[in-house]
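The values are calculated or read from the model by the stated rules, or taken from the named source; none is laboratory data. Since we're looking at a predicted model, the values are computed, not measured. Glycine also receives a Cβ, built like all others from the backbone with ideal geometry; neighbour counts cover every protein chain displayed.
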């Protein structure tokens, strides 16, 4: 069976809005980034997110930090 729709995961942000591949999100809380020694500030806009196999996590990148995996409970959809 090549039908991947059977295994599709619905990813939702902190407000319950559905997130899709390539969406833009905003950080709703200051987050300490492990390993980078920096803080992702509240209000930071992240463009072009990538969905993972988990409904609670997304992959993204910022100007300063590459390869971030963030929990969706700290994000809200923009637009």
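Miscellaneous remarks
- Lone unmet requirement of (1) outside any loop (DSSP other than H, G, I, E, B); (2) free of Cβ contacts under 8 Å to residues at least 24 places away in the same chain for residue 42: (1)
- Single condition residue 23 does not satisfy, out of (1) surrounded by fewer than 16 Cβ atoms within 10 Å (Cβ to Cβ); (2) modelled with pLDDT of 90 or more; (3) outside any strand (DSSP E or B): (1)
- Scanning region 62-79 for residues that are free of Cβ contacts under 8 Å to residues at least 12 places away in the same chain and either touching a strand residue (DSSP E or B) at 6+ places or on another chain (Cβ under 9 Å) or surrounded by 13 or more Cβ atoms within 10 Å (Cβ to Cβ) (or both) turns up just one, 67.
- Among the residues making up region 26-39, those that are surrounded by 16 or more Cβ atoms within 10 Å (Cβ to Cβ) and not in a loop (DSSP other than H, G, I, E, B) are 26, 27, 31.
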